[in-house]
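The structure appears below as structure tokens.
Readers should treat all values here as calculations from the given coordinates under stated rules, not as data from a laboratory. Here the structure is a predicted model, which is why all the values come from computation and not from measurement.
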Amino acid sequence: MASSEIETAVQPTGPNQATDSSDMQDTSVESTVLYEDKYLLVTPKGITIRRYYFPFLSDKFVPWEKVEYVKTAQELGVKWYEIKEWGMAIGNIWWNCGWRLIKNPFSDGWGLNSMEYINRTNIVIKVKDSSTRPGSYVENPDMAMTEIKKIMQQHHSHIE
């Protein structure tokens, strides 16, 4: 398999996981990878947020047809009380498991990240017919958002 392709898999469903079809990935198809890191996978079919569901660290897949918008936390003006390492803080964003508030001790040493860094390196997805917005840490937010904006323009012609 080429490095620009990945085989998708259905993640197991736990007691706290949604079971609608938008969370299931097609196991029979390979997709071209537009962006990938430890926390996020962007393909022409949709966005996979890795390390999303508690307590199993399984993934959430959102097809492009269900995405209303994808914005950085900075674009949305996310406040400190809306941020959490994993899960939902005050507000309606469910964050995947990631080094959001606390610096990654394995690469950055201990400490707290600034709100500027947090808002710049996290994205929020608005899913149609859902009040909960998935959020994800992104290792290379500029590259990820460039690819996301390209595909959003293809799927949503009204987007600038």
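Spatially close Lys pairs in the range 46-103, defined by Cα atoms under 19 Å apart and a spacing of eight or more places or different chains, total 6. Were the residues from Ile102 through Ile90 laid out at 0.36 nm apart, the gain over their Cα-Cα distance would be 2.5 nm. Subtracting the Cα-Cα distance of Asp129 and Phe56 from 0.36 nm times their residue separation leaves 23.8 nm of extension gain.
Amide H contacts under 5 Å for Tyr35: Val42, restricted to partners 5 or more places along the chain or on a different chain, H placed in the peptide plane at 1.01 Å from N.
Calculate the length of the line joining the C-alpha centroid of the range 120-142 to that of the range 47-89, in whole Å. Rounded to whole Å, the Cα centres lie 4 Å apart.
The phi-based Karplus calculation (6.51 cos²θ - 1.76 cosθ + 1.60; θ = phi - 60°) puts the 3J(HN,Hα) values of the range 34-44 at 8, 8, 8, 8, 5, 10, 8, 10, 10, 10, x Hz, whole numbers, x for Gly and Pro.
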